[in-house]
2 protein chains.
Amino acid sequence: MSGTSVDGIDAALCRIDGHAREATVDLLAFRTTPYPAEIRQDLLHLYDDQTAAVQRMSSLNMVVGGLFGDAVLAICAEGGVASGDLRVIGSHGQTVWHQPHPDPALPYSTRSTIQSGAPAAIAARTSAPVMADFRLADIAVGGQGAPLAPYFDWALQGDASKHRVILNLGGIGNLTWLPAGGDAGDVIAFDTGPGNMLIDGLVVALTGGAAQYDADGAIAAAGYVDRGLLGHLMEDPYLTARPPKSTGREYYSAREVELIMANADLRPGDLGGDDGARQRAASVIATATAFTAESVAHALRTHLPAMPDQVIVNGGGARNPTLMRMLAEALPGVEVMPSDATGIDADAKEAMLFALLAHDGLAGLPTNIPSATGASRAVTLGSLTRL
Amino acid sequence: MSGTSVDGIDAALCRIDGHAREATVDLLAFRTTPYPAEIRQDLLHLYDDQTAAVQRMSSLNMVVGGLFGDAVLAICAEGGVASGDLRVIGSHGQTVWHQPHPDPALPYSTRSTIQSGAPAAIAARTSAPVMADFRLADIAVGGQGAPLAPYFDWALQGDASKHRVILNLGGIGNLTWLPAGGDAGDVIAFDTGPGNMLIDGLVVALTGGAAQYDADGAIAAAGYVDRGLLGHLMEDPYLTARPPKSTGREYYSAREVELIMANADLRPGDLGGDDGARQRAASVIATATAFTAESVAHALRTHLPAMPDQVIVNGGGARNPTLMRMLAEALPGVEVMPSDATGIDADAKEAMLFALLAHDGLAGLPTNIPSATGASRAVTLGSLTRL
């Protein structure tokens, strides 16, 4: 899979036994393959620059499918497995459009989604069956096509005696509420707001492109949280909207980064500037980091039936100690930990999800969680390509 | 399915027993549902007008899928079959981009194809499994993703003692060569050039939109073939290119219609004009009709190992007696007949093809004909969506 930040393709090689809550998922190998720079630019700007968009989408679909196929071949080589021996490949693809709500300003006002990365191109390269287009099926039965992670969380991460929240901090933040001893119908899940997207966007701009993200949260650790700016960011109407809800990369976009920088009187590259500019730039990044932490804490307090005992974090945000510290500070009395602590690799989890969705979908099991997506019913997600 | 002229959705309800050359396909019901005018406009102009193309493609995918689902429900009602009892629905969808060759002028220079009409939307409405995205699989193994009809022709229309050509005259013309007693490896198939597309385009323009096609070939019958213009049209370099080859609606487009009209000093609506304009307009349509007939005859003489004994015609062109007469005149000694004569409904055949592809693909059989598409190997076409 590849997420909203379009960094690269995460491939997880898994051994899965059993299905749904009886499943065990062992991670045999994991690897992220960065996109070639020009493909990444095209994927990021496909809906900014509409020139020849139809042709570009058509070509990108095959090119991205080929790259996903290559990622599978690489992970299989690493894990010592012939790709043709895979039972199934689960491919999320790369989202190029996701519209979870009808929008009267757009033609037909239709909920819809498009992922790039032709499953046939993956199947041709790997000689394995490919399950893909998971989100479309949920949308077709009235859901928002997101979030999908709650299926994995419900199947593998619930606890009999503790209320748990599984928090994914990718480009966007999203959580799954798993009450102690609860079942699929008790699951609540939604996007909390920004994950790393705003932080990353500010780091890229303020380093003049020298860094892509705040490694180890070091920049944010050197800054001060601007309470005024944080308060302003927390006025984001998305935060108070009631779940089920989901958001996309167009919401915490380059434009938001520009507005924040303009408000703080910052220019591109200011992290390499004089002491004052550097300090203000670090503080803006600290504030964006606090925004992610506070928006998550706000979501827990506002949209859940009770506070969780544990918050288990995966995604890139779990690797940002400053963000993890801010999250723990914003949630006194709650145990905040990376998901590695529960045996799920925090980086690989999102990719493992699609392995499980494909595995259980191949068996004909329903794999959406209607209480999370708003779907009218449980259905098997994904289309199967077997050349 | 819906073809390059984007007229409407053809739905065929079939009973299929056996597979491949042992298959029998009985047509239980057939119906064409026109597209709503505004959807048709959007589908036709998606790559002329790139405004918000990504959003429109995403929305159209769901809307068109819903319309295809409705077409299935209608044909099931007509045939007295519950849609949930269908073994499988084969959906070609509506092509919005098809690039059979790499084009160095386009990004990535990648062969690719996109059909609109989300299979999940069809499955949600019908409660039946849906096989779709047939062309992508062939392209993923090095083919042109077209033509697909040769599979149907090879399975159902070959003859032990006669050389046959199965000719489809839809928007584009395409043929399948089935030598007497031949097998799949002997099949030759390719697009011959224009089918009804140029004729239709001229009729629309010259009637000022009052007619969409030349009903019963009556307009062409009232005109004279302009040998000079016909000779000029026959210089089309596509005709001499060696198969495998395929073409698309962008090739015999509105621009070609404009050029032909400008050359003949004709303006929109001239079929309703004075006698001289009317005669010139009818003659241009007669000439376009002759162009289709002559380009087919040229293809038979140039690109086949022998002349066929029989040419069996389906698609809208089989319903144009002027075109059928011109075809017979261009092919002395060859028996030219509509495919109804061999038991295959000439209108329904293209839709029946996708029923057979889905049926045989569901059984895991290979359903492309590599000698027709140029694919490196035989594969099962289509992705299966089973909610």
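The values are calculated or read from the model by the stated rules, or taken from the named source; none is laboratory data. Because the structure is a prediction, the values reported are computed rather than measured. For neighbour counting, all protein chains shown are included, and Cβ atoms are generated from backbone atoms with ideal geometry for every residue, glycine included. Only protein heavy atoms, including side chains, enter the accessible area calculation; ligands, DNA and RNA are left aside. Shrake-Rupley method; radii C 1.70, N 1.55, O 1.52, S 1.80 Å.
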Put a dot 7 Å past each Cα toward the Cβ at residue B:301 and residue B:105; how far apart are the dots in nm?
3.1
Take every residue in peptide B:61-69, count the Cβ atoms of other chains within 10 Å of its Cβ, and give the average of those counts.
3
Counting only DSSP beta bridges with both residues in chain B, what percent are antiparallel, rounded to the nearest 5?
70
Each label point is 7 Å from the Cα along the Cα-to-Cβ direction; what then is the distance between the points at residue A:127 and residue B:38, in nm?
5.1
Listed by chain and number, the lysines with an alpha carbon less than 27 angstrom from that of residue B:245, same-chain partners under 8 positions apart left out, are B:162, B:349
Residue by residue through the range A:205-210, which ³J(HN,Hα) values in whole Hz follow from phi under the Karplus form 6.51 cos²θ - 1.76 cosθ + 1.60 (θ = phi - 60°), with glycine and proline marked x?
5, 7, 9, x, x, 5
Can you list the distances in nanometres, one decimal and ascending, from the residue A:376 label point to the identical position in each other copy, with the point 7 Å along Cα to Cβ?
4.4
First obtain the Kirkwood hydrodynamic radius of the protein assembly as shown from its Cα pairs, then insert it into the Stokes-Einstein equation at 37 °C and 0.692 mPa s, and state the resulting D in µm² per second as a whole number.
117
Helix B:321-330 sits at what angle to the longest principal axis of chain B, using alpha carbons and giving 0 to 90 degrees rounded to 10?
80
Just want to confirm a number: the relative contact order over chain B, from Cα pairs under 8 angstrom separated by 6+ residues, in percent.
21
May I ask you to give the average projected area over all directions of the convex hull of the Cα atoms of the range B:167-206, in nm² rounded to one decimal?
2.9
Put the label 7 Å from Cα along Cα→Cβ for residue B:274; what are its distances to the other copies, in nanometres, shortest first?
8.2
Along the range B:342-358, Karplus-curve 3J(HN,Hα) (6.51, -1.76, 1.60; θ = phi - 60°) to the nearest Hz, with x for Gly and Pro, reads 9, x, 10, 4, 5, 7, 8, 4, 4, 6, 4, 3, 6, 5, 5, 4, 5
Tell me the distances, shortest first, between residue A:32 and the same position across the other copies, using label points 7 Å along Cα→Cβ, in nm to one decimal.
5.3
Mean Cβ neighbour count within 10 Å, used as a protection proxy, ranking A:357-370, A:109-122 highest first:
A:109-122, A:357-370
At q = 0.06, 0.08, 0.12 Å⁻¹, what log₁₀ I(q)/I(0) does a Debye calculation on the Cα points of chain B give, no solvent, two decimals?
-0.22, -0.39, -0.92
Semi-axes of the equivalent ellipsoid for the range B:153-244, Cα gyration tensor, largest first, Å
32, 16, 12
What is the calculated FRET efficiency for residue A:161 to residue A:211, with r their C-beta to C-beta distance and R₀ = 35 Å, to the nearest 0.05?
0.25
Which distance in Å, rounded to a whole number, links the C-alpha centroids of the range B:84-100 and the range B:2-49?
8
Could you give the accessible area per residue of chain A, probe 1.4 Å, as a whole number in Å²?
36
Check which residues have an amide H placed less than 5 Å from residue B:196's amide H, if you skip close sequence neighbours.
B:170, B:171, B:172
So what's Rg/Rh here for the range A:286-340, counting alpha carbon atoms and using the Kirkwood radius for Rh?
0.94
Taking K and R as +1 and D and E as -1, what net charge do the other residues with C-beta under 12 Å from the C-beta of residue B:380 add up to?
-1
As a test of the definition: with a 1.4 Å probe, what buried accessible area, both sides summed, do you compute for A against B, in Å² to the nearest 100?
3700
Would you kindly give the portion of the calculated P(r) for the range A:243-340 that falls above 18 Å, as a percent of all Cα pairs?
57
How would the range B:330-387 be classified by its alpha-carbon gyration tensor: rounded, prolate or oblate, with rounded meaning a/c under 1.5 and the a/b versus b/c comparison settling the rest?
oblate
